[in-house]
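K.L.:
I'd like to ask you about the structure that follows.
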Amino acid sequence: MRNFFTNNKESLNLIRDYIVGWLIALTFWVIVRNVGVIPDTPAQPTVWHNIRLVIVFGTLAGILFGIAQLKLERYLYRRVPLWRLGLYGLLTDAFIMTVIFALAYRFFKNIVGFDQEVSFLEFIQNPSAVLTFFYSILVSFVLAAIRQLNLLLGRGNLLRFIKGDFYEPRVENRVFMFVDLRDSTGIAEKLGHIRYSSFLQDCFYDLHVVQRYGAEVYQYVGDEVVLSWRIREKMDFRKCLDAFWAFEDQLISRSKFYFDKYGIQPKFKAGLHFGEVTTAEVGEIKREIAYHGDTMNIAARIQEKCNHFEKTLLISEYVHSALDSNGACDFELMGEELLRGKQQGVRIYAVNRK
């Protein structure tokens with residue numbers, strides 16, 4: 001059970017967000033439709049009925065629409081044109097609302113009570129029900145847009161962005177992992193620009209497994225991706241290693257797909273370091289959240305040493321001292337390197353997975 005919640009944490013978080021969103025949306029709808037207004041409905045629910053309605057159907061709608069959003073993202077996004085994706089979303093919303101209306105009909109009939117006998121067809125043709133349907137489509141669209149905005153800014157950054165946390169530069173402690181494609185030049189020459197771009201799309205799609213380990217994708221730069229973790233009290237740095245290995249395992253599990261489509265098995269290398277960085281919102285024409293500081297420079301330089309040492313995963317001495325591998329891996333001191341742009345040497349360790 002613990003593994004289930006660990007592996008599905010991101011999915012559960014999305015459903016949680018959808019439940020909260022629908023609870024707020026239904027609360028607002030009930031207030032607008034009942035305060036100072038006499039709705040033309042076949043039943044007149046009390047305040048207690050409305051509270052139960054919001055809790056039950058807000059939770060139900062959050063779960064159903066959240067699962068639908070997950071399925072659309074996982075199985076249809078990037079696989080069908082945008083107009084068709086929107087059509088599928090609309091049909092899915094209509095189906096979910098039909099289910100909810102069927103349950104709502106039972107709720108009003110058995111718990112609230114109708115003023116007079118009403119069939120299900122008459123119930124859904126009521127002006128209030130029609131308005132509720134179109135309101136649900138609007139809520140679903142808004143929640144999906146917020147979801148995409150949150151993905152664009154990075155997990156957890158939307159709320160901080162709204163609060164204005166990035167208006168002024170601030171110092172944070174973060175882990176950074178620079179993950180780069182091995183032999184990218186040779187692969188690009190073999191595949192050509194178009195197929196190479198498609199190849200990277202598929203590789204970075206498989207990167208979604210790192211979410212299980214709390215990783216945030218900070219940036220995609222060509223064939224390189226920068227992962228980040230915000231350091232918290234009693235943080236387990238081992239999950240940073242596990243995230244990279246999970247990505248490796250995901251690529252290996254899809255070897256047949258890559259060989260059939262591209263004739264290549266993708267392999268990546270990574271460099272890991274942590275420390276203080278300055279966080280700020282930058283840009284006017286295109287705004288984004290940026291991190292500055294030596295921490296990122298050192299992580300990038302460590303990753304560049306992977307080819308030199310012929311290793312897949314290298315870490316700094318600071319990460320090594322903070323890690324408790326529990327025997328799951330071996331560390332090999334590669335030496336003290338004077339990294340490009342630095343005046344003091346940094347000891348680098350290779351991580352060999354058992």
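K.L.:
Taking all protein chains as present, what is the carbon and sulfur share of the accessible area of the range 246-354, in % to the nearest whole number, probe 1.4 Å? Spell out each step's value before the answer.
P.N.:
Numbers: 2640 of 5830 Å².
In the range 246-354, the share of accessible area belonging to carbon and sulfur is 45 percent.
K.L.:
Same structure, new question: Just from the alpha-carbon atoms, what are the Rg and Dmax of the chain in angstroms?
P.N.:
25.5, 84
K.L.:
On to the next question. For the range 63-216, what mean projected area does the convex hull of the alpha carbons give, in nm²?
P.N.:
Numbers: hull surface 58.1 nm².
Averaged projected hull area, Cα only: 14.5 nm².
K.L.:
While we're on this one: Relative contact order for the chain using alpha-carbon pairs under 8 Å, separation at least 6, rounded to a whole percent?
P.N.:
On the way: 425 pairs, mean separation 48.8, N = 354.
Once normalised by length, the contact order is 14 percent.
K.L.:
Considering only A215, Q201, Y105, whose Cα is most displaced toward the positive end of the charge dipole of the chain, charges sitting on Cβ of Lys, Arg (+1) and Asp, Glu (-1)?
P.N.:
Positive-most Cα among the choices belongs to Y105.
K.L.:
Quick query: amide H of R347 versus all other amide H atoms, modeled in the peptide plane; which residues come in under 5 Å with a sequence gap of 5 or more or a different chain?
P.N.:
Those lying under 5 Å, H to H, from R347 are E317, E337.
K.L.:
So, one more: Counting helices only, and only those DSSP H runs with n ≥ 4, report the 222 nm mean residue ellipticity of the chain as the sum of -39,500 (n - 2.57) divided by its residues, in deg cm²/dmol to the nearest 500. Working shown, then result.
P.N.:
Values: 12 runs with 191 residues, N = 354.
Value at 222 nm, helices only, nearest 500: -18000 deg cm²/dmol.
K.L.:
Something else now. Rg (Å, one decimal) plus Dmax (Å, integer) for the alpha carbons of the range 232-354?
P.N.:
Considering the range 232-354 through its Cα atoms, Rg and Dmax are 16.7, 49 Å.
K.L.:
May I ask you to rank M296, M334, M177 by accessible area, largest first, using a 1.4 Å probe over the protein chains only?
P.N.:
Working: M296 20, M334 40, M177 0 Å².
Most to least solvent-accessible, the answer reads M334, M296, M177.
K.L.:
What is the extension gain from E332 to A280, computed as 0.36 nm multiplied by their sequence separation minus the C-alpha to C-alpha distance, in nm to one decimal? If you can, show how the numbers build up before the last one.
P.N.:
Details: separation 52, 0.36 × 52 = 18.72 nm, distance 3.60 nm.
Length gained between E332 and A280: 15.1 nm.
K.L.:
Multiplying the sequence separation of E304 and T185 by 0.36 nm and subtracting their Cα-Cα distance, what value in nm do you get? Spell out each step's value before the answer.
P.N.:
Values: separation 119, 0.36 × 119 = 42.84 nm, distance 1.46 nm.
The span from E304 to T185 would gain 41.4 nm if fully extended.
K.L.:
Based on Cβ point charges of +1 for Lys and Arg and -1 for Asp and Glu, what charge dipole magnitude is obtained for the chain about its Cα centre, in debye rounded to the nearest 20?
P.N.:
Details: 42 positive and 38 negative charges, 106 e Å.
Charge dipole of the chain: 500 debye, to the nearest 20.
K.L.:
Here's another thing I want to ask about it. If you stretched the chain out fully between R195 and H292, how much longer would it get, using 0.36 nm times the residue separation minus the C-alpha to C-alpha distance?
P.N.:
Gain in length upon complete extension: 31.6 nm.
K.L.:
Springs between alpha-carbon pairs under 10 angstrom, Gaussian network model over the chain: which of S184, S228, S253 fluctuates most?
P.N.:
Comparing S184, S228, S253 in the GNM, the peak value goes to S253.
K.L.:
Kirkwood Rh and Cα-based Rg: tell me the resulting Rg over Rh for the range 204-268, rounded to two decimals.
P.N.:
1.03
K.L.:
What spacing in nm lies between the two simple spin-label points modelled at V47 and F141, each 7 Å away from Cα in the Cβ direction?
P.N.:
3.5
K.L.:
So what is the accessible area of the chain per residue, in Å², with the probe set to 1.4 Å? The partial results should precede the final answer.
P.N.:
On the way: 19900 Å² over 354 residues.
Accessible area per residue, the chain: 56 Å².
K.L.:
How long are the semi-axes of the equivalent ellipsoid of the range 150-291, defined as square roots of 5 times the Cα gyration tensor eigenvalues? Whole Å, largest first.
P.N.:
On the way: eigenvalues 179, 66, 31 Å².
For the range 150-291, the ellipsoid semi-axes come out as 30, 18, 12 Å.
K.L.:
Label-point separation (nm) for L149 and S253, each offset 7 Å from Cα along Cα-to-Cβ?
P.N.:
My value for the distance between the label points is 3.3 nm.
K.L.:
Using DSSP H assignments, which helices in the chain have an axial alpha-carbon span of 24 Å or above and a mean Kyte-Doolittle hydropathy of 1.0 or higher? Spell out each step's value before the answer.
P.N.:
Details: long enough: 9-34 (37 Å, 0.71); 47-71 (35 Å, 1.34); 82-107 (37 Å, 1.29); 127-153 (39 Å, 1.65).
Helices passing the filter in the chain: 47-71, 82-107, 127-153.
K.L.:
Something else: Taking the Cα-to-Cβ direction at I55 and at I231 and moving 7 Å from each Cα, how far apart do the two end points lie in nm?
P.N.:
Taking the two extended label points, one gets 4.4 nm.
The values are calculated or read from the model by the stated rules, or taken from the named source; none is laboratory data. These numbers were taken from a predicted model, which means no experiment stands behind them. Every residue, glycine as well, gets a Cβ built from its backbone with ideal geometry; the counts of neighbours run over all protein chains shown. What goes into the accessible areas is simple: the full protein's heavy atoms, side chains included, and nothing from ligands, DNA or RNA. Shrake-Rupley method; radii C 1.70, N 1.55, O 1.52, S 1.80 Å.
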